[in-house]
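Heads up, the thing below is written out as structure tokens.
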Amino acid sequence: MENPVMPLEIEAKIYIPHLKDVKAQLSDSSAEIIAPRVHEKNQLFLSPYQDFKTERIVLRLRQDEKSKITYKSPAPQDTAGVHSRVEIETTVGDYEAMDELLQALGYTHGLYYEKYRTIYHFESIPDADIMLDELPFGNFIEVEGTPDAIEAVLEELHLTDNHRLSTNYAGIFEAIREHQQLSDINHIAFDAFDGVEVDGTIFEEL
């Protein structure tokens, strides 16, 4: 029996200091909103059976308009300029029940993070979606799709030469905590970052 082909998440992530500028560019380029702005809560889990952090594995329970559970792990290789991960995701009917189920199996809560997300799409570039993410420590654009489509979107938005982040939001958070000595902030929540000014230069190092 042949090994199954694992689905890949291929994306580019860029820090956006001023979200209104990108929104204006999306509007000028006739991008369509395919998922209006929604609040997300995301709970990461730690495993009693393996070291998820060392192995760069993510097990995440997310709730926005639906509830979903997602598994991510490193892809065999990255394409230049984009980041690839194996991703397996499915919808679940009850967020709280799935949370209890995972804990009953021995998994424990890791990092919690929240954000607002709006998803855009170019009809002329069908193989990519554009996510505008508003997090407590900054705003980001994620473009997910095929490598060629990602590059086409970034060119359309004049972002081709912008620095591309090579880590996820959890990694960004840890870098900010260390850089600004925010050891008292343990989760990515808007109320936790209230009054905190994040040094945007940190994003150029990630």
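Between segment 26-68 and segment 100-159, what is the separation of their alpha carbon centroids in Å?
Rounded to whole Å, the Cα centres lie 7 Å apart.
Expected output is a single nm value to one decimal: the length gained when fully extending between HIS158 and MET6, i.e. 0.36 nm times separation in residues minus the C-alpha distance. What is it? The partial results should precede the final answer.
On the way: separation 152, 0.36 × 152 = 54.72 nm, distance 3.20 nm.
Length difference between fully extended and current span is 51.5 nm.
With label points built 7 Å along Cα→Cβ from the Cα atoms of SER30 and LYS53, find their separation and express it in nm.
Between SER30 and LYS53, the label points sit 4.9 nm apart.
What is the distance, in nm, between label points placed 7 Å from the Cα along the Cα-to-Cβ direction at GLU89 and at GLU123?
2.5 nm
What is the extension gain from ASP148 to GLU178, computed as 0.36 nm multiplied by their sequence separation minus the C-alpha to C-alpha distance, in nm to one decimal?
Details: separation 30, 0.36 × 30 = 10.80 nm, distance 3.51 nm.
Gain on stretching ASP148 to GLU178: 7.3 nm.
Evaluate 2.2 N^0.38 Å with N set to the residue count of segment 90-206, then give the Cα radius of gyration divided by it.
Dividing the Cα radius of gyration by 2.2 N^0.38 Å gives 1.27.
Evaluated at 10 °C with a viscosity of 1.306 mPa s, what Stokes-Einstein diffusion coefficient in µm²/s does segment 93-153 have when Rh comes from the Kirkwood expression over alpha-carbon pairs? It would help to have the intermediate numbers written out before the result.
On the way: Rh = 14.3 Å.
Answer from the Stokes-Einstein relation: 111 µm²/s.
Please identify which residues in segment 135-164 have an amide N closer than 13 Å to a label point set 7 Å out from the Cα of GLU204, following the Cα→Cβ vector.
162-164
Calculate the dipole size of segment 53-128 relative to its Cα centre from +1 charges on Lys and Arg beta carbons and -1 charges on Asp and Glu beta carbons; express the result in debye to the nearest 20.
Numbers: 10 positive and 13 negative charges, 60 e Å.
Charge dipole of segment 53-128: 280 debye, to the nearest 20.
Expressed in nm to one decimal, what extension gain is obtained for the pair THR167 and TYR71 from 0.36 nm per residue of sequence separation less their Cα-Cα distance?
Values: separation 96, 0.36 × 96 = 34.56 nm, distance 1.62 nm.
That works out to 32.9 nm of additional length.
Average projected area of the Cα convex hull of the chain, in nm²? Before the final figure, lay out the partial values.
Working: hull surface 52.6 nm².
That works out to 13.2 nm².
None of the figures in this text is laboratory data; all of them are computed from the coordinates on show. Predicted, not measured: the structure shown is a model, and the values here were computed from it. As a convention, Cβ positions derive from the backbone with ideal geometry for all residues, glycine included, and neighbour counts pool all protein chains shown.
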